[in-house]
Every structure is written in structure tokens, then in C-alpha cells.
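Accompanying notes for the structure given below.
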Amino acid sequence: MNELSEFFGRRMPADRVIPELGDGQVAVQRIGQRYQCQRCQQWLAETDRLPNGAWYCRQCLQMGRLTSQTKLYTIPEPNRFPIPAASRLTWAGKLSADQQRAAEAIYRQVQQGKDQLLWAVTGAGKTEIVYPALDWALTRGWRVAWVSPRVDVCLELAPRIHAAFRDVSQCLLYGEQTVPYAYSQLTICTTHQLLRFERAFDWIVVDEVDAFPLATSPLLQGAITRAEKETGQHLYLTATPGEALQREIRRQTLAVTYLPLRYHGFLLPRLQVRLAWRWRQMLAKQRLPKGLVRQLQRYGRQGQRFLLFVPHVRDLPLVMAALDLAGIRGGASVHAADHDRTAKVQAMRDQRVSFLVTTTILERGVTFPNIAVVILGGDDAVFSTAALVQIAGRAGRSADFPKGEVTCYVQSQTRTIRRAQVMIDRLNRQGKQRGGHT
Amino acid sequence: MTTCVWCQRAFPVSLTLPEILAWRPLPQPPLCPSCQDRLTPITGNRCPDCGRQQATRTVCHDCERWQAVPLKNHALFRYDAGMKAYMQQYKFQGDYALRKALQAPLSRALSRQTYDILVPIPIDQQTWRTRGFNQVTGWLRDQPYYQALAVKDDHKKRPQSAKTRAERLLTPQPFQLVEQVAPILIGQRVLLLDDVYTTGRTLRHAADQIYLGGAKAVTSLTLAR
Ligand SMILES: [Zn+2]
Ligand SMILES: [Zn+2]
Ligand SMILES: [Zn+2]
């Protein structure tokens, strides 16, 4: 049964008549000659019609089907949260001088009501940098959402943020969640889940703003805009802003804070490119480039654990077979639709496997302390500049092992790879000016 | 290129030479190869009664218990993880467009069956209002069928999927004959059509009513087993 609070700042169908909700709004509406879904704003196809005469939206079906016979109800966000006398931050960690400077900038700008971007290198500790500003927002009774297009990122963030603000009501929302929705001051969710919100949030933090599918999805971008109050603001977090964001920075519609150094003060590992002739044809015969085999055998001898990225899911079994033939064993392969994905990543964390062979899904959010990174076929179109920078950023994350090796095997040098190298070098130059060490 | 009705990704259509040369509209497969792979056709040995895939051709353990009420069923696909995911989206989430995915295999299967009258298993009024379609008739294109059965008004609705096997077997008769349509059954061979064969209870209830209506023989066809 629906609670009234489920409608605070949201657009939801009701499972019974609730007089307080008023008339509501028809979920799929005729506009001109076409029908539009009022939750995801997408237009219906002419065939999206049921035998009982209703129209239904296929685009947001996963969140529960809406039809022209469904109604959506909203109660304007009342911000019904306690206003505490003091800080809500229960995080005991300490920011580095660099992080502190960035944190102060964000804190200042949130008070000025600015839309912002934090451009921080991978491994800069950007989550913690937001804490002081978030604390300020929460003590004012703001409703805040921390969102990411990637569910892994949300799952990893939720317990950390929960521990950092233990006394603040929080909920975690994603497609397969089993815990029911609860009206909370702090919502951690995938960008998809924002489709259910309507002018709810005073502040939205968008983590990994450049990640798939948000970067290319007007549907999700629209969801963020509509979930934000008219008086609200947002903060984008990224290590690799795309073209559109860089344009916004130039136009100064976003206030930017840079953080070119990792929290441990070491520069980013550089992306080494090595030539591998006809690696794809070789792979079809279950063979890998000689240089790559030698490198991985060396890792094996040194006990160096590694991530090997390949372009496509269909490459995984071939690479695994080729590694096995070369005597490189004790690892696992993992891809997006892999049912054992979480278990395999955990096995890597627990050091029960010595390497993972994977596609771009592990490019973000997933951290292992001492890891070498190898990319086979970095010239394949699936590896965007952002993806390459993110992948390279998996290496050298921990203070105990700040230097990591990142090697990219290619048949030809591409512009995307060049751009990734340039982006890393540029961040490192800025980092060096701030006293970063190699 | 065409768009997969299930995953909504575009995929290239591979054509055979006769298809290219034929002076006909080109076939548009509804599913991309990887979605097609999620559905496993039942091939080789199967239970002669319920149609489940198995190693032998003898009556399966479940069907032995039904010896007193025989009913021959033919099933097209295994009810495995892929088919469950399909049914979840089509039937429970109500994605009517997914009907297209199984229209062609069903059409082929129907052409191989011997029957005079096709009777789909009906849905109740409440489901018609909320789901908006009968998942079984959704798979039919232009094959004639007769809605000779209806769900009784007093049949208390609790989803079959929420019941245990023992509970399902005890389910009381949910159907009744539709007065205006029933006379057509007299002396005919009737094929019942349903989505999933689980315990066989539902189909046997339906068969009982169809026999009562005067049918000569009743068999059944389900999309999954
Ligand atoms: Zn929609
Ligand atoms: Zn597909
Ligand atoms: Zn059987």
C-alpha cells in the first residue's frame, strides 16, 4: 500500500484511491497526433497499443508499465526533515591539502547556488571532497540525490556515504533493489531512478557524469533536469569530461574545480602503447601477441596481479583459452551480463584470483590496491578517450603502490588513444605544478 | 538493419540467396541472434504426455501421477531462465510488443497439429483490465480461434506462480463454457493453447469442460514446458 510520503517530489501511480492526491495526471497523453509518456517523456510508436485500447510506454517499462489508463500523482516536495543544531558528518578521515582546497571551493560555490563541475583525476578521492558541502546542505534541511549512471558505483558508494552521515535518513534505489522505497533526505540512486522524481531535490550530485549511458541519453539527462527543483542546483563529478561539458566550462555556465593530483600525491600512470600486429587474427587462433604473453608471464612470476581489458564479450573465451595455452592461469573472465560478476570481482578483491579478463564494464568504480592494467586492442572503437583514461586510472590507486603499469596493445595508433595520452599528460603537468611526484 | 523487439538493439538481417531472389517482402526477424539464443526449442526426446525435454521417450515422473486423466501436450520451448525472462517482460510487465517474438514459431507448430478447433486458455476480467491483453491470443496472427472458455466470475484470483505444486493440483475448476460459442465444440477435435505447462492442472480443467461441451478429442499446445 502506498504511503503519502511516497509521492513527495515524485510522479507515481497509486494502487488505491487516496483523496489527498487530487486528480493526478494521465500517464500517457495524447499530444497532437502522437502519444507521450509523462514519466520518461518519450514518444510512443504507433504500434504501442493494447487490445483493450490503451496506449503503453515501452521505454520505461522496466519501472512498471504506464498506460493511457494509468494516472500519476505528485505531492510537491515538503522537505520534511529535521534541522539539526550541528554538523551531520560522522566521517573521521582527513582530507589532503589538495583535497581540502577543492572541498572548500565546492562548499563556497554550493552556498552561492552555482551549478558546478569537479574535474578530479581518477583516484583523487572525489567522494570525500564533496562531504563538507553535503554536510552544509543536509544541515539546512535540503533534500539531496547522489546519482550515477552505473549501478556498481551506487552500490559501492551507498555504504560509504551511509557511514559518513550516519544520522541522515538515506535510501538506495536501483533496478533490482529489494528494499522498499522510503522517503529520505539523501537518495543514492542510478540516473534511471530519477525518472520517478519531480522537482524533488535541492541539490543533485551526478557521479561519473561522462559514463555510459548518461552521456548519450537525452532521456536520462532530462530525468536529472526534472528531478531538480526549480530553485535547485547540481554538481557533476568526473575524471574525463566529454566535449559537451568542456563547452559548458568554456561558456562558464558551470563553476569548475580542478583536482589534478591523486590523494596520495603521485602522478597518474602513463599509458604505454605497444604495437601488436594482427592481434585479432592471432586471437582467432587462440594466440596472443608475444610481447603481451611475456609481460603477463613476468607478472605471474612477480606475483603482480593484473586486469586485462578486451574490446568485446565474444573475445573473452578466446583470450581465456589463449592464456591457458600460454600457461597463464588462476584468473577469471567477467562481463556486464555475467551473473557471477559481483562474486568474481569480490574474488579478485580477496586475492583468490590473480587476474581478471574483462570488457569496459570494469573501467570505473572498481578499485584493487596493487594492480597492473593491460589493454588488448585499445584501438577498437569501444574504447573511447574517457574509457581509456578511466581504465588507466585503475592502476596505482593505493598509497602503498602508487605507481602502476598501464600497457595498451594496438594494431594502429588512433586519435582516441592519442587524446587519452594527452589528457593524462596534461593532468600530470598540472599535478606536477602542485608538487606531485612520479 | 532491423530492430530487435526484445532488446531494442538494431541488428543486420542475414538473407539467404532464395530470399533475396524471391519477389516478396523480405522477412523481418523479430529477435536479434543473441535474444533468439535465450530461447531453447525442445528437440529430440520428450515426454509423450506433457512434451517436456528429457533423455528418454517414456512418460515422465510428473505425468505418471496423471494417468487417470490423460492429456497429450506438445510444447515448443523449454521453460528455462531465458523463457522465464521473456514471460516476465511479456506477461507480467505487460510488454505486448513481445508477442511478435513467438508468432512465427507458434504458427509453424500449429500447422503441424491435427485439430478442427483452436481454443485459447482465457484470462479473467481483472487481468483483461490491468494487463490489457490475453498473452495467449497475442501470439496468434490470423489463425481462427474460438473463445469457448471463460474464467468463472467467482474464481478467486491468486497467481498460479505464487502457489506451490501441491496447491496448484488442488485448484478448483476455474473455467466455464461460453454459452454462445460452446455448440461449435460438438464432435470436434479441439486443440487448447496455453503459455506454460507447469503441472498440467489448468489444461486438464479446461479439457474437462471442453469434453463436457461435446468435443470428440482434446489435445494441447503450450509455448513452454
Ligand atoms: Zn515512459
Ligand atoms: Zn535482441
Ligand atoms: Zn510428462
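Side notes on the structure shown:
- Taking amide H as placed 1.01 Å from N in the peptide plane, A:Q233 has its amide H under 5 Å from the amide H of A:W203, A:I204, each at least 5 places away in sequence or on another chain.
- Given charges at beta-carbon only (K, R positive; D, E negative), |dipole| of chain B in Debye: 380
- Cross-link partners of B:K100 among lysines (Cα-Cα below 23 Å; sequence separation of 8 or more within a chain): B:K84, B:K91
- Accessible area per residue, Å², the protein assembly as shown with all protein chains present, probe 1.4 Å: 48
- Per DSSP, loop GluC sites (Glu not before Pro) in the range A:167-214 with at most 11 further Cβ within 10 Å: A:E176
- Across the range A:137-145, rounded Karplus estimates of 3J(HN,Hα) from the backbone phi angles (6.51 cos²θ - 1.76 cosθ + 1.60, θ = phi - 60°) give 4, 5, 5, 8, x, 6, 9, 10, 10 Hz, Gly and Pro being marked x.
- Euclidean distance between Cα centres, the range A:103-147 to the range B:127-156, Å: 54
- Legend: mean number of C-beta atoms from other chains within 10 angstrom of residue C-beta atoms, peptide B:130-140, equals 3.
- Its Cα centre serving as origin, the range A:34-182 has a Cβ charge dipole (Lys and Arg +1, Asp and Glu -1) of approximately 320 debye.
- Taking the protein heavy atoms of chain A in the context of the full set of protein chains, the accessible area attributed to carbon and sulfur is 50 percent at 1.4 Å.
- Sequence-distant lysines (8 or more away, or on other chains) whose Cα lies within less than 20 Å of B:K152: B:K163
- Between the helical axis of B:100-112 and the longest alpha-carbon principal axis of chain B there is an angle of about 60 degrees.
- For A:N2, distant residues with modelled amide H under 5 Å away: A:D15
- Each eigenvalue of the Cα gyration tensor of the protein assembly as shown, multiplied by 5 and square-rooted, gives one semi-axis; in descending order these are 52, 34, 22 Å.
- For the range A:24-60 and the range A:288-306, distance of Cα centres in Å: 55
- DSSP-defined beta bridges in chain A - what % are antiparallel, rounded to 5: 20
- Phi to ³J(HN,Hα) by Karplus 6.51 cos²θ - 1.76 cosθ + 1.60 over the range B:137-151, Hz, x for Gly, Pro: 5, x, 7, 8, 9, 10, 5, x, 8, 10, 7, 7, 10, 9, 7
- Net charge contributed by nearby residues that have their C-beta within less than 13 Å of A:Q272 (K/R +1, D/E -1): +1
- Positive-end residue, the protein assembly as shown charge dipole about Cα centroid, Cβ charges, pick of B:L169, B:A55, A:L235: B:A55
- Along the axis of the charge dipole computed for the protein assembly as shown (Cβ charges of +1 for Lys and Arg, -1 for Asp and Glu, origin at the Cα centre), the listed residues A:V389, B:A109, A:Y56 are led at the positive end by A:V389.
- Dividing the helix sum by the residues of the protein assembly as shown, where each DSSP H run of 4 or more adds -39500 (n - 2.57), gives a mean residue ellipticity at 222 nm of -8000 deg cm²/dmol.
- Remark on B:H74: its backbone amide H falls under 5 Å from those of B:S220, B:L221, B:T222, a criterion applied only to residues 5 or more positions apart or on other chains, H modelled at 1.01 Å from N.
- Part-to-part distance (alpha-carbon centres) for the range A:202-263 and the range A:386-407, which is given in Å: 23
- Packing rank of B:184-194, A:117-127, where each peptide gets the mean count of other beta carbons within 10 Å, highest leading: A:117-127, B:184-194
- Extreme residue, positive dipole direction of the range A:240-280, given options A:L259, A:W279, A:L245 (C-beta unit charges): A:W279
- Loop trypsin sites (Lys or Arg not before Pro), the range A:142-246, which have at most 13 other Cβ atoms in a 10 Å radius of their Cβ (DSSP): A:R166
- Those lysines that a straight Cα-Cα span of less than 17 Å connects to A:K403, excepting residues fewer than 8 apart in one chain: A:K432
- With Cα atoms, 0 to 90° folded angle of helix B:201-212 axis to chain B main axis: 60
- Rounded to the nearest 5, the antiparallel percentage of DSSP beta bridges internal to the range A:271-433 is 5%.
- Electrostatic dipole magnitude of the protein assembly as shown [Cβ: Lys, Arg +1; Asp, Glu -1; Cα centre; debye, to 20]: 1640
- Applying the criteria of a DSSP loop state and at most 13 other Cβ atoms within 10 Å to the trypsin sites (Lys or Arg not before Pro) of the range A:249-293 yields A:R251, A:R278, A:K285.
- In sequence order, calculated HN-Hα J values of the range A:159-170 (Karplus, 6.51, -1.76, 1.60; Hz; x Gly/Pro): x, 5, 5, 4, 5, 6, 9, 4, 9, 9, 5, 9
The values are calculated or read from the model by the stated rules, or taken from the named source; none is laboratory data. These numbers were taken from a predicted model, which means no experiment stands behind them. Reconstructed Cβ throughout: ideal geometry from the backbone, glycine too, with neighbour counts over all protein chains shown. We work out accessible area using only protein heavy atoms, side chains counted, and drop any ligands, DNA or RNA first. Shrake-Rupley method; radii C 1.70, N 1.55, O 1.52, S 1.80 Å.
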